[in-house]
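Quick notes on the structure that follows.
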Amino acid sequence: MAPLLIHSEAVPKEARDALKAASSAPPERRRAELERAARVLYRETELDCADARELVGLAPGENCH
C-alpha cells in the first residue's frame, strides 16, 4: 500500500515524505518513519488511529499521539 500512498496527492505531503524515508531507511529507522506517517495521517485526515497505522503497515494496537 505504501507505494500508492507515496504517489497520492490526497495523502498529506508530510506523510508521503515519511513513507519515502521509511522505504529507504535502515531497518532500525523504518518503524519510526512508519509511525510518523501514521501520526500525520491520523492528525490531518479523518482516519482513526488504528486505520492510519494499518494503512502504513503497522499493527493497529498502539496510539497515534
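The values are calculated or read from the model by the stated rules, or taken from the named source; none is laboratory data. Please read all numbers here as calculations on a predicted model, not as lab measurements. Counting neighbours? That spans all protein chains shown, and the Cβs are built from the backbone with ideal geometry, glycine included.
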### Summary
With criteria (1) modelled with pLDDT under 95; (2) surrounded by fewer than 19 Cβ atoms within 10 Å (Cβ to Cβ); (3) out of contact with any Leu (no Cβ under 6 Å at 6 or more places or on another chain), ILE6 comes up short on (3)
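I'd like the full set of residues that are in a helix (DSSP H, G or I) and either without any contact (Cβ under 8 Å) to a residue 12 or more places away in the chain or of a type in the set (A, V, I, L, M) (or both), limited to the range 33-56. Write out each step before concluding.
Here is the first cut: in the range 33-56, the residues in a helix (DSSP H, G or I) are 33-44, 49-55.
Within the range 33-56, LEU34, ALA37, ALA38, VAL40, LEU41, ALA50, ASP51, ALA52, GLU54, LEU55 meet the criteria.
Looking at the range 33-50 only, could you name the residues that are more than 17 Å from ILE6 (Cβ to Cβ) and exposed (fewer than 15 other Cβ atoms within 10 Å of the Cβ)?
If we filter the range 33-50 for residues that are more than 17 Å from ILE6 (Cβ to Cβ), which is where we start, we get 42-43, 46, 48-50.
Of everything in the range 33-50, those that are more than 17 Å from ILE6 (Cβ to Cβ) and exposed (fewer than 15 other Cβ atoms within 10 Å of the Cβ) turn out to be GLU46, ASP48.
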### Task
Please determine, by comparing only the residues of the range 21-32 that are touching a helix residue (DSSP H, G or I) at 6+ places or on another chain (Cβ under 6 Å) and surrounded by fewer than 16 Cβ atoms within 10 Å (Cβ to Cβ), which one is farthest from ALA59 (Cα to Cα).
ALA25
### Task
Can you confirm whether the range 21-32 contains a residue that is on the phi > 0 side of the Ramachandran plot and either part of a loop (DSSP other than H, G, I, E, B) or hydroxyl-bearing (Ser, Thr, Tyr) (or both)?
no
### Query
So which residues in the range 9-20 are assigned to a loop (DSSP other than H, G, I, E, B), in contact (Cβ under 8 Å) with a residue 24 or more places away in the chain and surrounded by fewer than 18 Cβ atoms within 10 Å (Cβ to Cβ)?
PRO12
